[in-house]
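The values are calculated or read from the model by the stated rules, or taken from the named source; none is laboratory data. This one's a predicted model, so the numbers in the text were calculated from it and none came from an experiment. We place every Cβ from the backbone using ideal geometry, glycine too, and count neighbours over all the protein chains shown.
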Amino acid sequence: MKSVITYNPASVLSALDDWDKMVGDFFGRDYQYSAGTRGYPAVDISEEKERYLLEAELPGFAEKDVDIKVNDRVLTIASSKEEEKKSERDGVWLIRERGVRTFRRSFSMPRDVDLDGIKAVFKDGLLSVTMPKRPEAREKTVQISRA
């Protein structure tokens, strides 16, 4: 689906963006460095005859931790999850890498998406967002008749 693009309203580039681009260019388009290591979920988007399907890996998250919003043909998936705090009598942290996990990913949707028909399912750490195409926008076969 060439018309779905990652949407980033604040186009400020981080120091790692140039590195990600260089590594990605070197290893080819299939190299998955950026999504898994940059703090936001890896996402696959596919186009089928009657719908688009977005799948995001969200291990460690629960359905209640994830917010999905659609505004002006921009789909945003976001979460802010804070791990349980350790009480003082339980000890002190020696390493704390799982404290707060937040992310926000936005995607510009094609014009043929039926915004009212968007549905999301969350199971086993995988978020699946189905975006049906409007019936009038789907491909049709036109029969040729004799005059």
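Among the residues of segment 61-76, is there at least one that is polar (S, T, N, Q), modelled with pLDDT of 90 or more and not in a helix (DSSP H, G or I)?
Yes, the conditions are met somewhere in segment 61-76.
Quick one: what pairs do we get from segment 120-147, first residue small (Gly, Ala, Ser), second surrounded by 10 or more Cβ atoms within 10 Å (Cβ to Cβ), C-beta under 6 Å, 6+ apart or different chains?
ALA120/ILE68; ALA120/VAL129; GLY125/LEU58; SER128/GLU55; SER128/VAL121; ALA137/ASP112
Select from segment 90-147 the residues that are within 26 Å of PRO41 (Cα to Cα) and of a type in the set (Gly, Ala, Ser) and list them in ascending order.
Listed by number, the residues that qualify are GLY99, SER106, SER108, GLY117, ALA120, GLY125, SER128.
Under 19 Å from the mean Cα position of the chain (by Cα), at pLDDT 90 or above, of a type outside the set (Gly, Ala, Ser) and surrounded by fewer than 16 Cβ atoms within 10 Å (Cβ to Cβ): is that true of LYS133 in this structure?
no
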